[in-house]
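The values are calculated or read from the model by the stated rules, or taken from the named source; none is laboratory data. Treat the numbers as computed from the prediction; the structure is a model and nothing was measured. Note that each Cβ is placed from the backbone with ideal geometry, even for glycine, and that neighbours are counted across all protein chains shown.
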Amino acid sequence: MPDTPTERRRRQRLSTMILCEIRLGMGPAHLVRIRDLSESGIKVATPLFLAVDERVWVRLPGASDWAIARVAWRAKGTAGLSFLRAVDVPEIAGARRGADLPSLRPNAALRVGTG
């Protein structure tokens, strides 16, 4: 039987539609939608090309610091990012309740800054 992302999951996932920022290297930040999250990673919807095993920077809602993640898998318009260090899911703004976050059209990425 193939080893799919669903079969490899070790942690409970929380389904969500909140937004976060990702950055490839030192490039600009892009706003993407988190489809599900756990302390070990997130599934994001993005039109960006993310190569498997590429390192990316992630800033989750309510966080001031960027987390480092590895692209674990990718499929049409989505990617799985594995955090190098676990995150505290209850601390993520909007993870358990609705948050006042901007709307994002499906398959659209917005530039939110250059830093």
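Quick look at the values:
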quantity: Top-ranked residue in the stretch 70-92 [being out of contact with any helix residue (DSSP H, G or I) (no Cβ under 9 Å at 6 or more places or on another chain), in contact (Cβ under 8 Å) with a residue 40 or more places away in the chain and not polar (S, T, N, Q); ranked as nearest to PHE49 (Cα to Cα)]; calculated: LEU81
quantity: The stretch 47-65, residues that are crowded, with 16+ Cβ neighbours inside 10 Å and either touching a Leu at 6+ places or on another chain (Cβ under 9 Å) or outside any loop (DSSP other than H, G, I, E, B) (or both); calculated: LEU50, VAL56, TRP57, VAL58, ARG59, LEU60, PRO61
quantity: Single match in ALA63, ALA29 (criterion: more than 15 Å from ALA86 (Cα to Cα) and over 12 Å from the mean Cα position of the chain (by Cα)); calculated: ALA29
quantity: When residues of the stretch 34-46 are limited to those that are among the aliphatic types (A, V, I, L, M) and crowded, with 21+ Cβ neighbours inside 10 Å, the one farthest from SER82 (Cα to Cα); calculated: ILE34
quantity: Residues located in the stretch 66-95, provided they are surrounded by 12 or more Cβ atoms within 10 Å (Cβ to Cβ) and modelled with pLDDT under 90; calculated: ALA86, VAL87, VAL89, ILE92, ALA93, GLY94, ALA95
quantity: Criterion: touching a Phe, Trp or Tyr at 6+ places or on another chain (Cβ under 9 Å) and modelled with pLDDT of 95 or more - qualifying residue of VAL44, VAL52, VAL56; calculated: VAL52
